[in-house]
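The values are calculated or read from the model by the stated rules, or taken from the named source; none is laboratory data. Being a predicted model, the structure only gives us computed values, none of them experimental. FYI the Cβ positions are ideal-geometry reconstructions off the backbone, even for glycines, and counts take in every protein chain you see. Just so you know, the surface numbers come from the protein's heavy atoms only, side chains and all, with ligands and any DNA or RNA stripped out. Shrake-Rupley method; radii C 1.70, N 1.55, O 1.52, S 1.80 Å.
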Amino acid sequence: MALIARKREQEDFVDWISSDSSELICVYGRRRIGKTYFVNELLAKYYAFDASALDKGNERAQLRAFHEALRDYGCPESIAPTDWWEAFRRLRTLLDRPDCVRTPEGKRAVFLDELPWFDTPRSDFMDAFSDFWNRWAQRRSDVKLIICGSATSWILREVIQSEGSLNRRVTHSLYLSPLSLGEVEEFLRVERGIEWARREVIECYMVFGGVPYYLRMLQRRLSLGQNINALCLLPQAPLRNESRRLLDSTLSNKPLYYRTLAAIGKRKDGYSRKELVDMLGVADGGGFTSVLMGLEECGFIRSYENPYRKGRKTLYQLIDPFLLFSMRFIREDEQLRDWLAYYDTPSYNAWRGIAFEAVCLCHLPQIRRALSLETMRTREFPWRSNASAPGAQVDLVIERPDRITYVCEMKFTNAEYALTSAYREKLLRKAEVLKAETGTGSAVQIVMVCAAGFRRTPNADIVAHVVEGDDLFD
């Protein structure tokens, strides 16, 4: 089946594979995002060699797996190599054979999948791999070496940002991010035959995010709620323990990553570094910096600047929909088994408000486009008051350079959202508190972001702009 979505990524990858020089191409991203699928769909027919590392295999097992792959491509050696230097020597010999498979443009394509798993403790894998590229592959003009891995922090540290023998050796890197709402809609329709209304697609995104592996598990014969039960909530549901596996594979099974993620998820607008250090009782040093960087590099959290915050202005916020859902509903002590019975309860309404905000944060470019801000340099951040009682909280503030500030309110409802007189006064108060506490001289305008649309009533006279659910699919 042809690849759905990722049009720009496909075009870039094909250009790199067709170039007249050797390329070291790194494809990376979180677990289940479709990295292997992406490379295989575009190149599998033309591999000169491909091998995949074993999850949790020791050095001997990894060498044996590499050896079996070499034999599949015609290597005559019957005994597995004893070290990685010998393994890559055999690969060079294989690639130099006259019957080596080539692409239509005459290139030799080598794909090493899950590269971080090959690099077992105290092995010589990275030394031999670097030597293979530096002294042999890059000196040719037709070798396309594609490497892939879910351990994003390892890929960035050891390959893309390496200060060792691979320093600046990666010719192209391709980060595969989750699909957007528009791409998810196309994926469900074309690959799964699912024709849901856009409100349901948004709610699907609030649970599964834009992760193709999860979306591919959805059953056309089931409703969204039934799919959530079957995939996430029942005792033997395939995604019941996925959040732990996701962190273990992507971030090398370090408990502090999970604790930090759980702490950040306790407040929807996130916490500062100092607040997290105090909550977790950890040292505020380089180790914790690596944790925060690793979580952000994987796309699980984002850092943002609140220019009006006292003290440290950088905050860390959980934005991954699946992790938000998992930490709230998929726990060993959680009795929830039927998502359909949970609809319209206070707990459900509280979750969907936070989850829809996360979806909106994942689609800031679409919101900016709907507000005609594509060419403007803006600042976007959630905001909460420090001094006022009762306090005020704004889902998203967008500051324009021409002294206009948007106060964005996000609503996920079953039908068109209609502003009541009480909520009208609440929004006006939020705007006034923001102006008073921040001291901004900008004109403050109210923006409604409504998944199911917005109904114009007399109370809507305070609303300057509306972003509807359809706009998020652009």
>> To test your reading of the geometry: what angle, between 0 and 90 degrees and rounded to tens, separates the Cα axis of helix 198-208 from the longest principal axis of the chain?
In response: 60
>> Run through segment 171-203 and list the GluC sites (Glu not before Pro) located in a DSSP loop whose Cβ has at most 15 other Cβ atoms within 10 Å.
In response: E195
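Where only protein heavy atoms count, and the probe is 1.4 Å, what is the accessible area per residue for segment 92-213 in Å²?
The answer is 40 Å² per residue.
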>> Suppose R0 equals 41 Å. What FRET efficiency, 1/(1 + (r/R0)^6) with r the Cβ-Cβ distance, do E195 and E163 give to the nearest 0.05?
In response: 0.20
>> Can you give me the angle between helix 421-438 and the longest principal axis of the chain, using Cα atoms only, in degrees from 0 to 90, rounded to the nearest 10?
In response: 70
> How large is ³J(HN,Hα) for each residue in segment 270-278, as worked out from phi by the Karplus curve 6.51 cos²θ - 1.76 cosθ + 1.60 (θ = phi - 60°), to whole Hz, x for Gly and Pro?
Replying inline: x, 9, 7, 4, 4, 4, 5, 4, 5
>> Give the residue list of GluC sites (Glu not before Pro) in segment 46-107 that are DSSP loop and have at most 15 other beta-carbon atoms within 10 angstrom.
In response: E77, E105
>> Angle check, please: helix 346-361 long axis (alpha carbons) against the longest principal axis of the chain (alpha carbons), in degrees 0 to 90, nearest 10.
In response: 60
> For labels at D278 and R71 in the simple 7 Å Cα→Cβ model, what's the distance in nm?
Replying inline: 6.1
> What are the ³J(HN,Hα) values, in whole Hz, obtained from phi via the Karplus relation 6.51 cos²θ - 1.76 cosθ + 1.60 with θ = phi - 60°, for each residue of segment 281-297 in sequence order, with x given for Gly and Pro?
Replying inline: x, 10, 6, 8, x, x, x, 6, 4, 5, 4, 5, 5, x, 5, 6, 4
> Structure shown: which of K56/K313; K7/K45; K144/K254 lie over 30 Å apart, alpha-carbon to alpha-carbon?
Replying inline: K56/K313; K144/K254
> Are there trypsin sites (Lys or Arg not before Pro) in segment 384-429 that DSSP puts in a loop and that have at most 15 other Cβ atoms within 10 Å, and which ones?
Replying inline: R403
> Using the per-residue mean of other Cβ atoms lying within 10 Å as a proxy for protection, in what order, highest first, do the peptides 455-465, 115-125, 166-176 fall?
Replying inline: 115-125, 166-176, 455-465
> For K268, which aspartates and glutamates qualify as cross-link partners when the Cα separation must be under 12 Å and same-chain residues fewer than eight apart are set aside?
Replying inline: D320, E357, D395
> Can you run phi through the Karplus equation (6.51, -1.76, 1.60; θ = phi - 60°) for segment 315-323 and list ³J(HN,Hα) in whole Hz, with x for Gly and Pro?
Replying inline: 10, 10, 10, 6, 10, 7, x, 5, 5
> What residues have an amide H closer than 5 Å to that of I146, excluding those fewer than 5 places away on the same chain, when H is modeled at 1.01 Å from N in the peptide plane?
Replying inline: I25, V110, F111, L112
> Given H placed on each backbone N at 1.01 Å, which residues far from R384 in sequence or on other chains put an amide H within less than 5 Å of it?
Replying inline: V394
>> What is the percent carbon and sulfur in the accessible area of segment 111-247, measuring with a 1.4 Å probe over the protein chains and ignoring ligands?
In response: 42
> Which of the following values of Cα extents along the principal axes in Å was calculated from the structure shown: (i) 133, 51, 36; (ii) 80, 51, 47; (iii) 88, 46, 42?
Replying inline: (ii)
>> With both bridge residues required to lie in the chain, what share of the DSSP beta bridges run antiparallel, to the nearest 5%?
In response: 30
